[in-house]
């Protein structure tokens, strides 16, 4: 015998509601509308490493991002902002760039959670790397949202690849590199998208509307 609807709480209540095709359709409409409004009011921004003074990246906060760089599990100063690669040596990586050794791990911690991340990476080799680098994205509580491996291909003087993420709000990205075939990496400008407070309010309003529908149906 199914549980009485008055005993349904939290996720159980939502699950019960969504068993009905009509209710599922209503939920999709409400949430899709909210997500569309959120995306429409998102603000992209770009971190230009040439605008940050030359120096070690580890522990530095710039443009709302705190950078970390470790080698063999320990903090390291061996990655730098504002390194000029020279004109015409890369295709997808902007110069000046963030440059470091490929045996390290680069971490980006976002002060405001982002819904999208994009950047290019170049590594000092003239061969295809599979993968050339990998990116893990986490939410504010440390849950893994995405894990991707990116192939890099020789384009001009370096082996290059492009990465992009779009989805749940992310608070951290961790980048690891191929340290066997390449010695150095260059990270081009990073573009992120931060939803505006107004768009988050619209999303919350959509959830409230869905919750109100659940309450009304419980009381019916």
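Summary of values
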| read-out | value |
| --- | --- |
| Residue list for region 52-80, restricted to those being touching a residue at least 40 places away in the same chain (Cβ under 8 Å) and part of a loop (DSSP other than H, G, I, E, B) | 57, 64 |
| Residue match in region 27-37 (condition: out of contact with any helix residue (DSSP H, G or I) (no Cβ under 6 Å at 6 or more places or on another chain), assigned to a strand (DSSP E or B) and either within 21 Å of residue 184 (Cβ to Cβ) or modelled with pLDDT under 95 (or both)) | no |
| Residue check for residue 141: part of a loop (DSSP other than H, G, I, E, B), without any contact (Cβ under 8 Å) to a residue 12 or more places away in the chain and either surrounded by 15 or more Cβ atoms within 10 Å (Cβ to Cβ) or under 22 Å from the mean Cα position of the chain (by Cα) (or both) | yes |
| Residues of region 81-125 that turn out to be without any contact (Cβ under 8 Å) to a residue 60 or more places away in the chain, more than 14 Å from residue 47 (Cα to Cα) and surrounded by 17 or more Cβ atoms within 10 Å (Cβ to Cβ), as a count | 1 |
| Residue match in region 136-146 (condition: under 17 Å from residue 104 (Cβ atoms) and modelled with pLDDT of 95 or more) | yes |
| Filter pass, residue 105 being under 21 Å from the mean Cα position of the chain (by Cα), in a strand (DSSP E or B) and closer than 21 Å to residue 153 by Cα | yes |
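The values are calculated or read from the model by the stated rules, or taken from the named source; none is laboratory data. Everything quoted here is computed from the prediction, not taken from an experiment. Cβ coordinates were reconstructed from backbone atoms using ideal geometry, including for glycine residues, and neighbour counts include every protein chain displayed.
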